[in-house]
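In what follows, a single structure is set out as structure tokens and then discussed.
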Amino acid sequence: MVRPSRAATGTGTWRRETGTVIRRAAARPEPPAAASAITAGSRVPAVPTEWAPHTHPLHELVWVRGGTLTSRVRDRIFTVSEGYGLWMPAGVVHGGRATAGAEFHDAFFAPHRTPFTTDEPVAIAMTPLLESLLTHLSRGDLGAGARARAEAVVFDVLQPSAHPFVLQLPGDARIDTIAEALLADPADPRSLEEWARALDISDRTVTRAFRRTTGLSFAQWRQALRVHRALTLLSEGFDVLTVSETLGYAQPSTFIAAFRRVMGTTPGAFSGTAGAVGTAPAGVRNPVPGVGNS
């Protein structure tokens with residue numbers, strides 16, 4: 001397996017893969033027809049695709065099959081894999097990426113006709129029923145009655161996931177350099193003490209800043225970040241050894257143990273079940289799918 005490239009830094013998430021297509025302006029979706037509340041569609045990007053920060057006048061639900069989607073909203077990064085989607089409220093500035101070959105689906109919802117409301121992005125459980133309904137609504141030959149019935153069921157089953165899929169970035173000028181460097185290269189081996197010396201601040205300042213802004217220690221936060229990155233690499237088909245090396249682990253067993261602590265399952269099991277997850281401990285911030293950070 002070819003090791004993932006370390007290409008140019010993207011719009012505040014991971015380094016761009018070689019051949020990434022950057023869409024500077026997202027296509028403005030057509031408003032749903034007067035008789036419709038939802039417009040749905042899908043496509044398969046042949047190469048890694050990145051959307052520059054933008055907004056929509058409509059609510060958006062995006063999900064993928066056979067890959068992952070990442071999106072940055074202010075100081076948060078959402079990573080969703082197969083079986084989950086991301087709800088983006090109208091007017092929220094966001095950028096995102098989809099992995100090459102992923103089957104990319106989106107649905108746009110007219111705000112004044114959508115009873116599901118939230119001011120912030122949330123993960124959505126893409127149940128087989130919800131996916132089937134939205135696929136059904138992507139058809140161009142539905143009559144008004146059939147469309148209205150399907151949309152009503154969508155609103156009945158559309159529910160936030162129990163797994164937030166979110167990595168909280170510090171948003172603190174004293175330590176943002178650390179966060180951005182690790183986003184660019186999760187394998188960066190520098191310790192908390194080395195970072196403190198490089199930034200000319202105390203170890204205690206770094207420790208307190210991470211705890212205050214993310215709810216995690218520096219080590220826990222870096223582990224969570226590496227697991228977010230691992231989700232994408234595993235979904236792209238990279239083997240456990242390659243992912244382990246890419247993320248800076250000296251031994252695959254160390255990576256597997258860290259992944260299990262965070263995810264509640266092994267990398268191999270995750271790859272084989274497209275996102276099998278465990279249960280998140282109560283009160284833990286910065287969870288990835290199904291599990292909080294240890």
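Here are the numbers for the structure shown:
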quantity	calculated
Search result, residues across the stretch 171-228 that are more than 30 Å from Phe270 (Cα to Cα) and open to solvent by less than 20 Å² (accessible area, probe 1.4 Å)	Asp172, Ile175, Trp195, Ala196, Val206, Ala209
Residues located in the stretch 238-256, provided they are open to solvent by 40 Å² or more (accessible area, probe 1.4 Å) and closer than 24 Å to Pro164 by Cα	Ile256
Restricting the stretch 71-88 to residues that are open to solvent by less than 10 Å² (accessible area, probe 1.4 Å) and not hydrophobic (A, V, I, L, M, F, W, C), the residue that is farthest from the chain's Cα centre (by Cα)	Gly85
Close pairs (7 angstrom Cβ cut-off, 6 or more residues apart or separate chains): open to solvent by 50 Å² or more (accessible area, probe 1.4 Å) in the stretch 42-64, of a type in the set (Asp, Glu) anywhere	Ser42/Glu103; Val44/Glu103
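Each row is one residue, and each column tells you yes or no for (1) out of contact with any Asp or Glu (no Cβ under 6 Å at 6 or more places or on another chain); (2) over 29 Å from Thr118 (Cβ atoms).
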| position | (1), (2) |
| --- | --- |
| Pro128 | yes, no |
| Gly143 | yes, yes |
| Arg149 | yes, no |
| Ala152 | yes, no |
| Asp156 | yes, no |
| Ser161 | yes, no |
| Phe165 | yes, no |
| Leu169 | no, no |
| Thr177 | yes, yes |
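Residues checked against (1) among the β-branched types (Val, Ile, Thr); (2) within 21 Å of Val80 (Cβ to Cβ); (3) without any contact (Cβ under 8 Å) to a residue 12 or more places away in the chain:
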residue: Gly145; (1), (2), (3): no, no, yes
residue: Val157; (1), (2), (3): yes, yes, no
residue: Pro160; (1), (2), (3): no, yes, no
residue: Pro164; (1), (2), (3): no, yes, no
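The values are calculated or read from the model by the stated rules, or taken from the named source; none is laboratory data. Because the structure is a prediction, the values reported are computed rather than measured. Don't worry about glycine lacking a Cβ; one is built from the backbone with ideal geometry, like all the others, and counts go over all protein chains shown. Heavy atoms of the whole protein, side chains included, go into the accessibility calculation; ligands, DNA and RNA do not. Shrake-Rupley method; radii C 1.70, N 1.55, O 1.52, S 1.80 Å.
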